[in-house]
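Coordinate-derived values only; no laboratory data. Since we're looking at a predicted model, the values are computed, not measured. Positions of Cβ are backbone-derived with ideal geometry, glycine not excepted, and every protein chain shown enters the neighbour counts.
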């Protein structure tokens with residue numbers, strides 16, 4: 001910033017000038033399986049922030065969101081267990097002395113179990129506090145709001161049967177000739193005590209799911225053949241349920257419940273797994289018990305269920321003023337009667353009889369450099385001395401001479417005169433008394449002699 005006038009301004013609380021913008025939004029789908037499912041969703045928002053700040057104050061956006069009265073709602077994009085959440089990210093454009101986008105964020109309360117089209121709650125608020133580190137003006141304009149849904153982390157087993165058997169609404173699709181075997185003994189550990197089996201080369205079972213991973217579950221059996229595994233149309237592995245983890249042959253008959261293949265981590269979204277009989281030997285069988293779909297997102301929005309909300313009408317812009325922090329002690333309020341002087345003002349006392357040459361003395365301790373131009377604020381000095389020092393202002397530096405200009409001969413080289421002896425007043429008084437006594441005695445002797453001489457004839 002260009003240097004401004006050398007002025008100390010009083011501090012005004014940021015709360016003295018709040019802005020409260022009411023903005024209506026219309027939300028449309030953007031993700032492959034958006035939470036805006038059937039028609040645009042309307043919501044109304046209140047964006048609140050302070051418009052008068054001091055450097056070091058927080059620029060804090062508080063953005064509240066609510067549905068309007070038209071009945072439109074965000075909706076669940078599928079079957080989910082407890083813990084799904086809607087996430088919101090606002091966009092606030094900054095112009096003038098700052099240029100950029102701030103993104104206040106917020107999340108809804110976790111949802112309970114969800115079925116497709118169940119209504120979802122909005123995040124009650126978005127906020128984004130940040131400290132202002134320099135003075136200036138900021139033109140604030142609200143922009144789009146981005147919404148997304150994160151499912152709860154966990155897993156679900158997909159087996160054959162009705163909706164109660166498959167609460168995830170995912171169904172296994174069989175291709176080729178398969179035989180369904182129900183009511184198998186529980187000792188064999190099959191999911192829901194059933195299996196599908198085939199000995200046809202190329203027969204397959206496929207599952208399309210939404211998640212981040214999948215596991216193919218089936219039995220170990222000595223009569224099983226190799227099975228090819230495809231993820232999203234690409235062959236990823238060949239497994240042989242007739243052999244154990246050490247690649248040794250097993251001697252089991254339909255020993256169920258084994259994870260025969262688990263996919264690597266996948267990007268959250270829609271995927272398809274297909275398992276296919278790869279044995280041309282009709283004496284070898286392939287079995288499908290179930291698939292287990294897992295989701296691990298760490299509650300991070302993925303974009304798969306996203307929506308974008310845009311202002312129905314162009315929103316107003318509001319200018320925020322950020323002033324310098326004033327005062328020598330670093331507080332927002334200036335100290336009583338501060339003195340402001342530019343740093344290039346001479347600090348020498350023009351009446352000092354011995355000014356120091358080429359004075360390079362730094363500013364006084366305790367001064368504060370203000371970023372508004374280059375200004376030094378110096379607090380008023382106080383002194384307990386009875387002598388009034390000679391000064392031209394609070395920034396003047398007082399220089400003192402030594403007590404003597406030259407060290408006396410034989411003195412200690414301290415720049416000060418040595419102590420003098422006490423005056424001999426007692427000795428002088430004693431001498432004067434003796435002299436006066438002697439004079440008195442002589443006079444008395446002369447008178448006696450004169451009297452004696454006068455009386456003798």
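Residue 177 label point, 7 Å along Cα→Cβ, cut-off 20 Å on backbone N: hits in the stretch 283-327?
Hits in the stretch 283-327 for residue 177 at 20 Å: 283-288.
If you take the C-alpha gyration tensor of the stretch 154-295, multiply each eigenvalue by 5 and take the square root, what semi-axes do you get, largest first, in whole Å? Kindly include the intermediate steps, with their values, before the conclusion.
Details: eigenvalues 97, 61, 42 Å².
Semi-axis lengths for the stretch 154-295 are 22, 17, 15 Å.
Using Cα pairs closer than 8 Å and at least 6 residues apart in sequence, work out the relative contact order for the stretch 154-295, in percent.
On the way: 360 pairs, mean separation 51.0, N = 142.
Answer for the stretch 154-295 is 36 percent.
May I have the convex hull volume per residue, in Å³, for the Cα set of the stretch 108-201? Display every interim value, and only then the final one.
Details: hull volume 23.4 nm³, N = 94.
Per residue, the Cα convex hull of the stretch 108-201 comes to 249 Å³.
Sorting 324, 93 on the 10 Å Cβ count, fewest up front, what's the list? Write down the numbers at each step before the final one.
Values: 324 20, 93 16.
The fewest-first ordering by Cβ neighbours comes to 93, 324.
Mind putting together the pair-distance distribution for the stretch 191-246? All Cα pairs, 5 Å bins, whole percent per bin, short to long.
Per 5 Å bin, starting at zero, the Cα-Cα P(r) for the stretch 191-246 comes out as 4, 12, 26, 27, 20, 10, 1 percent.
Could you compute Rg(Cα) / (2.2 N^0.38 Å) for the stretch 77-142, with N its residue count?
Its radius of gyration relative to the 2.2 N^0.38 Å reference: 1.59.
Order of 34, 72 from fewest to most other C-beta atoms within 10 Å?
72, 34
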